[in-house]
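Chemist: Take this structure, written in structure tokens, and hold onto it; I'll ask about it next.
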Amino acid sequence: MDSFTKDVIDNIKAIPEGKVATYGQIAKLAGKPRGARQVARILHTMSEKHDLPWHRVINSQGKISLQPPERQAARLIAEGVEVTNGSRVQLKQFQWEKDDDLYDLWMKG
DNA sequence: GGATTGACATCCC
DNA sequence: CGGGATGCCAATC
């Protein structure tokens, strides 16, 4: 497996419960701002072999791309992510922003 | 090795 | 906000 794949996997594993990330976001974190589709491919291929929180990755519109969306939606809901209309997620509210955790901590403190 | 194909993103209307 | 067109990049055919 190439380093890009590894980085993608690492980043996906880093998504906290109750939050979601977009394909493009993960791609960027892994060093390929234009690699969103590869991220999607990696999920499609590797999600069954590694136990990744693949359900926390959705597209930039805040929607579940996987068809049918039911399984993924259920998993998200089980974690506290609000999924409306079967596949819709409010990114404003649930998107994971990597260094925002620190920012948030600072804000509260 | 060229053409096709996506669990995508972005700009334009 | 919705839908279409374009860009992107690796795996597959």
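The values are calculated or read from the model by the stated rules, or taken from the named source; none is laboratory data. Given the structure is predicted, the values throughout are model-derived calculations rather than measurements. All Cβ positions, glycine included, derive from the backbone under ideal geometry; neighbour counts span all protein chains shown.
Chemist: Considering only the stretch A:46-73, state which residues are more than 8 Å from DNA strand B (Cβ to nearest atom), of a type outside the set (K, R) and either closer than 19 Å to A:K13 by Cβ or surrounded by 12 or more Cβ atoms within 10 Å (Cβ to Cβ) (or both).
Modeler: A:M46, A:H50, A:D51, A:L52, A:P53, A:G62, A:P69, A:E70, A:A73
Chemist: Let me ask something else about it. May I ask you to list the residues in the stretch A:74-109 that are hydrophobic (A, V, I, L, M, F, W, C), closer than 19 Å to A:A14 by Cβ and modelled with pLDDT of 90 or more?
Modeler: First, pick out the residues of the stretch A:74-109 that are hydrophobic (A, V, I, L, M, F, W, C): A:74, A:76-78, A:81, A:83, A:89, A:91, A:94, A:96, A:102, A:105-107.
Imposing the further condition that a residue be closer than 19 Å to A:A14 by Cβ reduces the set to A:76, A:81, A:89, A:91, A:94, A:96, A:102, A:105.
Listed by number, the residues that qualify are A:L76, A:V81, A:V89, A:L91, A:F94, A:W96.
Chemist: Being under 24 Å from A:Q67 (Cβ atoms) and within 13 Å of DNA strand B (Cβ to nearest atom) is the filter here, so list the residues in the stretch A:12-33 that pass it.
Modeler: Once the filter is applied, which keeps residues that are under 24 Å from A:Q67 (Cβ atoms) and within 13 Å of DNA strand B (Cβ to nearest atom), the stretch A:12-33 yields A:I12, A:I15, A:V20, A:A21, A:T22, A:Y23, A:G24, A:Q25, A:I26, A:A27.
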